[in-house]
Amino acid sequence: MKRLLCPANGYRNISEFTYGGEYRLEPVNSSERDWADFVYFDDNAAGIVFEWWYHTATSYWFVAQRNTVSDEIIRTYTVAEFESIERDR
Amino acid sequence: MPFDLIKNGLRSASARKPHFSSARDLKKHYDVVIIGAGGHGAAIAYYLAKYHGITDVAVLDKAYLGGGNTARNTAVIRSNYLTEEGIKFYRDSLSLFANLSNEFSYNVMFEQRGQLTLAHSDAAIRNFRWRAEMNSHFGVRSRLLDRAEIRELVPSLSMNESARFPIVGGLWHADGATARHDAVVWGYMRGACERGVELHQLTEVQGIDISDGAVQSVQTNRGRVGCKIAVQAVAGCSSLLAQMAGIRLPIKTFPLQAMVTQPYKPLLVPLVSSPHLHVYVQQTSRGEFVIGGGSDDYPLYNTRSTLEQKESLADGTLELFPFLAQAKILRQWAGITDMTPDYSPIMGPSPIKNYYLDAGWGTWGFKATPICGQTMAQLIATGVTPDLIRPFDLERFYRFQALDETGATAASH
Ligand SMILES: Cc1cc2nc3c(=O)[nH]c(=O)nc-3n(C[C@H](O)[C@H](O)[C@H](O)COP(=O)(O)OP(=O)(O)OC[C@H]3O[C@@H](n4cnc5c(N)ncnc54)[C@H](O)[C@@H]3O)c2cc1C
């Protein structure tokens, strides 16, 4: 089984995790259209993406960098780690 | 048809002609370019030519005719959905399916064997009662069954009360059917080609040219092709094509896996599905048991298979049909499915003028092939969205009017 490196629990079987959607920020001061976009729409990119993942047993959220074509998990980040990288970008 | 068989069987050289237009150069321009030669693309081309006299049409596919999800699906055809819009749409598709072999003069092996969905909980029974009422109201045959009726209908099904999740009842859909998926796309494409439509395989659309907010042409690996109208029908690749036109879609692409056993004597007539066990099973007319289930757990543009999913399918199957424990798996495969948040498709205009969407078919789009082709062709020819598909437009998400079919779709297809 494919394994995923959880920043809190180390390598675990991927069946212990729940996919949580594309990483993006909540819209601020936005219109209903922006909200619809946030709630329903996706980039659904073929390639390298950043996503929310969740370790189900320990209720732990984190961010993973994944290749949606080759089915490889490239890196995982704690939320704090990822947000600081995002800020610097 | 049967006479042809006798006549040609007695000849040494086959007199049969190729079914599809043979390879030739792409023209510089077509009235309509259809992206994707699956069942949906082929059906749109067929109805455009047949009912609207529009034959200056090219159907482009990056691979080969019907090699996408059309080739990979498990051919469950049913109309026992939950919303008024969904029920009416799929109901009309089923009636077109019933006449397809005559329409094409080509056997699509449509068999109306009925479909049984199993309940393993009171919550499922409540959902089934609701569906049965909605279905009956719109003329779809659908009713609740108790355990005794299920035992009579499917004697091979395990009704063991000490099973992990005992069967407590079922939703019987007498209209439920199956058909040969390849024959459906071949029939449509042959009919379209006979009327002048061109099929171009190994022709990948790599870009879409837009000016003044309207589509002008598509770029392919064989050059640029101008068009008055373009429509995308590319299933798992829907978001990628839409992005070329600058359109975002409410779609995520998930793999869906299936497998098939060695053949057995005919013993299972209806299509049987258990949403609770995430599995559905049916016996094909050549005796194999086709086994499918729910989508993979995370999005992926890859048709790889996983052992975990095969184990989960086998697990559910053996709970329903323990006699299959010794069966050998002959083949297994996956397709990439374009899942929408409400488990309903997206059909209609797009934000780009003259660019139309036939997308969001997820795990349920084979059964819609005829009606989608017919209504999309009407839309393309007239510019007016037919009432039957108006609720399924992309804008519904911005209106917050999702058509929730989750409860009537998961693991039933
Ligand atoms: C395992 C499995 C089981 C299923 N079971 C059922 C079922 O029981 N009942 C049901 O109703 N539905 C089922 N489905 C869903 C159904 O198969 C699909 O919804 C349906 O076949 C979609 O048809 P289509 O013609 O739109 O797409 P496809 O048949 O996938 O055709 C799309 C075509 O677009 C082409 N394409 C993609 N990108 C490009 C490009 N850039 N340029 C040119 N061409 C391109 C592809 O090569 C492909 O041939 C199942 C799907 C799978 C994977």
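The values are calculated or read from the model by the stated rules, or taken from the named source; none is laboratory data. Remember, it's a predicted structure, so these values are computed and weren't measured experimentally. Cβ placement follows ideal geometry from the backbone for every residue including glycine, while neighbour counts extend to all protein chains displayed. What goes into the accessible areas is simple: the full protein's heavy atoms, side chains included, and nothing from ligands, DNA or RNA. Shrake-Rupley method; radii C 1.70, N 1.55, O 1.52, S 1.80 Å.
Using modelled amide H (1.01 Å from N, peptide plane; none on Pro or chain starts), what sits under 5 Å from the amide H of B:Ile208, excluding residues fewer than 5 places away?
Residues meeting the criterion, in which the H sits 1.01 Å from N, are B:Gln219.
Calculate the spin-label point distance for B:Glu204 paired with B:Glu84, positioning each point 7 Å from the Cα along the beta-carbon direction, and give it in nanometres.
About 4.5 nm, to one decimal.
Of the chymotrypsin sites (Phe, Trp or Tyr not before Pro) in the stretch B:163-267, which ones lie in a loop per DSSP and count no more than 16 other C-beta atoms within 10 Å?
Answer by residue number: B:Tyr264.
Taking a spot 7 Å from the Cα of A:Met1 along the direction of its beta carbon, which residues of the stretch A:16-52 have an amide N less than 13 Å from it?
Correct set: A:16-18.
So if I take the alpha carbon set of the protein assembly as shown, get Rg, then get Rh from the Kirkwood formula, what is the Rg over Rh ratio?
Working: Rg = 23.4 Å, Rh = 24.0 Å.
Taking Rg over the Kirkwood Rh, I get 0.97.
For the stretch B:269-278, just list the computed ³J(HN,Hα) in residue order, Karplus coefficients 6.51, -1.76 and 1.60, θ = phi - 60°, integers in Hz, with x standing in for Gly and Pro.
8, x, 7, 10, 9, 10, x, 5, 8, 6
State log₁₀ I(q)/I(0) for the stretch A:3-88 at q = 0.19 Å⁻¹ as given by the Debye formula over alpha-carbon point scatterers of equal weight, solvent excluded.
Log10 I(q)/I(0), no solvent term: -0.92.
Can you tally the lysine pairs in chain B where the Cα-Cα distance is under 16 Å and the two residues are eight or more apart, or on different chains?
Count of close lysine pairs: 7.
Starting from the stretch B:273-313, pick out the trypsin sites (Lys or Arg not before Pro) whose DSSP state is loop and whose Cβ has at most 15 other Cβ atoms within 10 Å.
In loop regions of the stretch B:273-313 (DSSP not H, G, I, E or B), the sparsely surrounded trypsin sites (Lys or Arg not before Pro) are B:Arg286, B:Arg304.
When the Karplus curve 6.51 cos²θ - 1.76 cosθ + 1.60 is applied with θ = phi - 60°, which whole-Hz ³J(HN,Hα) does each residue of the stretch B:260-267 get, with x for Gly and Pro?
Once θ is set to phi - 60°, the couplings for the stretch B:260-267 become 9, 8, 4, x, 10, 4, x, 9 Hz.
Could you identify which residue out of B:Ala242, B:Ala368, B:Ala163 has the top mean-square fluctuation in a GNM of chain B using Cα springs shorter than 10 Å?
Among B:Ala242, B:Ala368, B:Ala163, the largest GNM mean-square fluctuation belongs to B:Ala163.
Specify the residue with the greatest mean-square fluctuation among B:Gln206, B:Gln326, B:Gln262, computed from a Gaussian network of chain B linking alpha-carbon atoms under 10 Å apart.
With Cα springs under 10 Å in chain B, the top fluctuation among B:Gln206, B:Gln326, B:Gln262 is at B:Gln326.
Shape verdict for chain B, please, from the Cα gyration tensor: rounded (a/c under 1.5), prolate (a/b greater than b/c) or oblate.
Here chain B falls in the prolate category.
Expressed as a rounded percentage, what relative contact order does chain B have, with Cα pairs under 8 Å and six or more residues apart?
Values: 934 pairs, mean separation 95.0, N = 413.
Once divided by the residue count of chain B, the mean separation gives 23 percent.
Around B:Val59, which amide H atoms from residues at least 5 apart in sequence, or from another chain, sit under 5 Å from its own amide H, with H modelled in the peptide plane?
B:Ile34, B:Glu198, B:Leu199, B:His200
What are the radius of gyration and Dmax of the stretch B:227-305, computed over its Cα atoms and given in Å?
For the stretch B:227-305, the Cα-based Rg and Dmax read 17.6, 52 Å.
Could you work out Rg/(2.2 N^0.38 Å) for the stretch B:35-108, with Rg from alpha carbons only?
1.24
Under a crude label model (7 Å from the Cα following the beta-carbon direction), how far is B:Ser158 from B:Trp333 in nanometres?
2.9
Lys and Arg at +1, Asp and Glu at -1: add these up for the other residues within a Cβ distance under 14 Å of B:Asn8 and post the number.
Around B:Asn8, the surrounding residues sum to +3.
Could you sort B:Lys228, B:Lys50 by accessible area so the largest value comes first, with the probe set to 1.4 Å? Can you show the working numbers first?
Values: B:Lys228 120, B:Lys50 75 Å².
Order by accessible area, largest first: B:Lys228, B:Lys50.
Using amide H atoms built in the peptide plane, which far-off residues or other-chain residues are under 5 Å from B:Ala119 H to H?
B:Val168, B:Gly169, B:Gly170, B:Leu171
Which of B:Asn221, B:Asn107, B:Asn354 ends up with the largest GNM mean-square fluctuation for chain B, with Cα atoms connected below 10 Å?
Looking only at B:Asn221, B:Asn107, B:Asn354, the largest GNM fluctuation is found for B:Asn221.
Starting from the Cα-Cα distance between A:Val39 and A:Glu22, subtract it from 0.36 nm times their residue separation and give me the gain in nm to one decimal.
Values: separation 17, 0.36 × 17 = 6.12 nm, distance 1.11 nm.
So the extension gain works out to 5.0 nm.
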